[in-house]
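Take a look at the structure below.
The numbers here are math on the coordinates, done by the rules we state, and not lab data. Only a predicted model underlies this, so the values are computations on that prediction, with no experimental measurement involved. Here Cβ is always computed from backbone atoms with ideal geometry, including for glycine, and neighbour counts include all displayed protein chains.
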Amino acid sequence: MNRGYYESWNVTIQHEFSSTLVAQAGYVGTHGVHDMEGVNINGSAPGTGNAGRQLYPYVTSDMNMYEPFGDMTYNALQTQLRKSIGSSIIGVNYVFSKAIDEANGDNGDATLFRAFPTSYNLNKQLAGFDRAQTFQFFYVYQLPFGKGHTMFNHGAASWIIGGWELSGNLGWYTGLPFTIGTSAQINAGGQGATANQVDSSVTILKGIGSTSPWFNGAAFANPANNTLGTTAETLCSAHATSTWTRASPASSPSRRGESHSSYAATRSTSPTHRRLATPTLRAAG
């Protein structure tokens, strides 16, 4: 067995504009070679059905063998701007990245979307966890109570209400990739079914609701029966999502045991599309 490995590299530059304002930017890359994934060794070509499977007539179902087979890449620009205000911190993070792999699954259960060797090149795709852009605003605010602060800085009041802080973050990130499916009958064991792309430019309409689509479906068409579609599994990216999380309050661990309460809110800016929620083209009539 040819064991796989990962290569990682990064370079970061940092600049202090002042003693309280720091910025940094860096490039981060990862390359996985022969990473473990399931390879269907009993697939069949389009139009051949079970009779075309490699192990027919002895085995007429999929048979995945987990082996060091595929590869993946991740490349990113990662930036941060951080401002200190006394003992409090406020800052922003921004990441622009792309992750590419061959896996139909992102939780250690990955398999090839197209059975090897038929249309193997279409397994190369955006990773299911890929988010092109991520923005995060964060803060940690030290409440002005207790020893060393301007209010309640001595006595019992200093011990009771001193050392508390407020913290939170606001995140915005672009959507996950999704698949353009098809209702065509490909009659191919172990092969993923996708649409044909008939327009090289896919207009993202950013609509909301069933009567206002997220993307222009006219850019795709059903392939003929017994034919594999020309698109990969993860082709388009879905809507952006924002999250807001606040923890309040939290005591300083150095002063006493930590205690906090929190809430989180998530807002999606358009209809939900996920890896398992696949837009499917249906035949007319």
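Kindly evaluate F138 against the criterion of being farther than 30 Å from G168 by Cα, more than 15 Å from the chain's Cα centre (by Cα) and assigned to a strand (DSSP E or B).
In short, no.
Quick grid of which residues meet (1) touching a His at 6+ places or on another chain (Cβ under 9 Å); (2) more than 30 Å from H34 (Cα to Cα); (3) surrounded by fewer than 17 Cβ atoms within 10 Å (Cβ to Cβ):
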position: Y66; (1), (2), (3): no, no, yes
position: G91; (1), (2), (3): no, yes, no
position: R114; (1), (2), (3): no, no, no
position: D130; (1), (2), (3): no, no, no
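Is it fair to say L77 is loosely packed, with under 15 Cβ neighbours inside 10 Å and closer than 22 Å to S8 by Cβ?
It is true that L77 is loosely packed, with under 15 Cβ neighbours inside 10 Å and closer than 22 Å to S8 by Cβ.
For (1) out of contact with any Asp or Glu (no Cβ under 6 Å at 6 or more places or on another chain); (2) of a type outside the set (V, I, T); (3) assigned to a loop (DSSP other than H, G, I, E, B); (4) touching a residue at least 60 places away in the same chain (Cβ under 8 Å), each residue gets a yes or a no:
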position: G175; (1), (2), (3), (4): yes, yes, yes, yes
position: A184; (1), (2), (3), (4): yes, yes, yes, yes
position: N187; (1), (2), (3), (4): yes, yes, yes, yes
position: V202; (1), (2), (3), (4): yes, no, yes, no
position: K206; (1), (2), (3), (4): yes, yes, yes, yes
position: S212; (1), (2), (3), (4): yes, yes, yes, no
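Suppose we filter the range 150-165 for residues that are in a loop (DSSP other than H, G, I, E, B) and either touching a residue at least 60 places away in the same chain (Cβ under 8 Å) or within 15 Å of S87 (Cβ to Cβ) (or both); how many remain?
Residues of the range 150-165 that are in a loop (DSSP other than H, G, I, E, B), as a first pass: 150, 152-154, 162-163.
Those still in the list that are either touching a residue at least 60 places away in the same chain (Cβ under 8 Å) or within 15 Å of S87 (Cβ to Cβ) (or both) too: 150, 153, 162-163.
Here the count works out to 4.
Which condition breaks for A51 when tested against (1) surrounded by 15 or more Cβ atoms within 10 Å (Cβ to Cβ); (2) more than 26 Å from the chain's Cα centre (by Cα); (3) over 30 Å from W172 (Cβ atoms)?
(1)
Answer yes if at least one residue in the range 104-119 is in contact with a Leu (Cβ under 7 Å, 6 or more places away or on another chain) and outside any loop (DSSP other than H, G, I, E, B), and no otherwise.
no
State whether the residues of the range 134-149 include one that is without any contact (Cβ under 8 Å) to a residue 24 or more places away in the chain and closer than 27 Å to M65 by Cβ.
Checking the range 134-149: not a single residue is without any contact (Cβ under 8 Å) to a residue 24 or more places away in the chain and closer than 27 Å to M65 by Cβ.
Restricting the search to the range 88-102, which residues are part of a strand (DSSP E or B) and of a type in the set (D, E)?
Of everything in the range 88-102, just one residue is part of a strand (DSSP E or B) and of a type in the set (D, E), namely D101.
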